[in-house]
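The next block holds one structure in the form of structure tokens; read it before the comments.
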Amino acid sequence: MRTTVLIVAAGSGSRLQAGVPKALVTLSDGHTMLEHCLDSVVAARDAGAIDLHAIAVVVPGDPDTATSLETVCHAFAARTAVTVQTVPGGAERADSVRAGLAAVRTLAGSAGSAGGPFGRHALLVHDAARPFVPPAVFGAVVTALESGTAAVVPAVEVVDTIKTVAGAGPEEVTGTLQRTQLRAVQTPQGFDLTSLEAAHRLAEEGAGGAAALTDDAMAMEAAGHRVSVVTGDPLGFKITTQLDLMLANALLASGTS
Ligand code: CTP
Ligand code: MG
């Protein structure tokens, strides 16, 4: 199944506090987080896990950052012969995904698929902040799409006990969720493009707007779609804090990634 990957890299990285936008943060091997993410996509292609058509990268609106990330994308495209298009993002992650969807539709249209612009064409939405996703996870997501599902997420089991809380000031526990029923959901998440566009439009109009969406499957759930789950990987973790960055650098130093 021809596959287009939408990488969202327009976040500021406020929790990482690295002094530069997160996708531009350099890991201990001298490569930026975005380079690692792009390399993981091409590794999935080279492993035969995905039939890669093109990549769209959503970058921050700030011209300096955008230029730096575009340079990374151009070098990657020259090195791998993959079509890469950059597009400016928005204030919230969901705004950035929406900006990317328009670029993806144009890119996918040139795939020349017999089933229409997006017939038999997979869309993967992926966080630039997850640099080490193994090819098998990309493959599992696309395989689920091939079986006809409109939405699929990779997920791992949760190790902590998760409780709900309420109250301003000192919080109180209002309940405990059954851990066996919980999953931590990663990216890449796979979708039917038309369904995801419609789901995002619906979510934009709903309570909370873009800020209420912490992933794209949420929009699909709200629109009434079934969302399939495939096995994720601990290496699909997201770099959010300095502790995550230390883990990423330790993995590189140990040759695990
Ligand atoms: N993202 C984006 N546009 C935004 C916000 C986030 O493209 N307006 C992207 C990030 O670049 C990242 C992914 O969404 O690859 C996951 O978001 P997150 O980990 O929250 O990154 P940031 O928003 O950059 O970090 P923070 O929330 O700590 O500011
Ligand atoms: Mg964020």
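Readers should treat all values here as calculations from the given coordinates under stated rules, not as data from a laboratory. Bear in mind the structure is a predicted one, so any value in this text is a computation, not a measurement. Virtual Cβ from ideal backbone geometry, glycine too; neighbours counted across all protein chains shown.
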Rounded FRET efficiency, nearest 0.05, which uses the C-beta distance separating ALA78 from THR180 and R0 of 41 Å: 0.30
Under-5 Å amide H pairs with GLY232, H placed in peptide plane, nonlocal only: ALA155, VAL156
Given charges at beta-carbon only (K, R positive; D, E negative), |dipole| of the chain in Debye: 360
Rg/Rh (Cα only; Kirkwood hydrodynamic radius) as it applies to the chain: 0.96
Most mobile of SER195, SER147, SER96 in a GNM of the chain (Cα contacts under 10 Å): SER147
Bins of 10 Å from zero: percent of alpha-carbon pairs in segment 62-171: 10, 29, 35, 16, 8, 1
Residue (of THR214, LEU196, THR256) at the positive-pole extreme of segment 184-257, dipole from beta-carbon charges: THR256
Size of electric dipole in segment 155-257: Cβ of Lys, Arg +1 and of Asp, Glu -1, about Cα centre, debye, nearest 20: 220
Estimated FRET transfer efficiency when R0 is 25 angstrom, pair GLU70-THR194 (beta carbons, to 0.05): 0.30
For ARG2, distant residues with modelled amide H under 5 Å away: ALA122
Antiparallel DSSP beta bridges within the chain, as percent of all bridges there, nearest 5: 35
Options VAL152, THR26, GLN242, ranked by Cα towards positive dipole end of the chain, top entry (Cβ charges): VAL152
Approximate spin-label separation ASP233-VAL20, in nm, with each point projected 7 Å along Cα-to-Cβ: 2.6
Cα point-scatterer Debye curve for segment 117-207, base-10 log of I(q)/I(0) at q = 0.23 Å⁻¹: -1.12
Geometric extent, Cα atoms of segment 153-257 - Rg, Dmax (angstrom): 17.0, 47
Nearest-0.05 FRET efficiency for SER28 and ARG201, computed from C-beta distance (R0 30 Å): 0.15
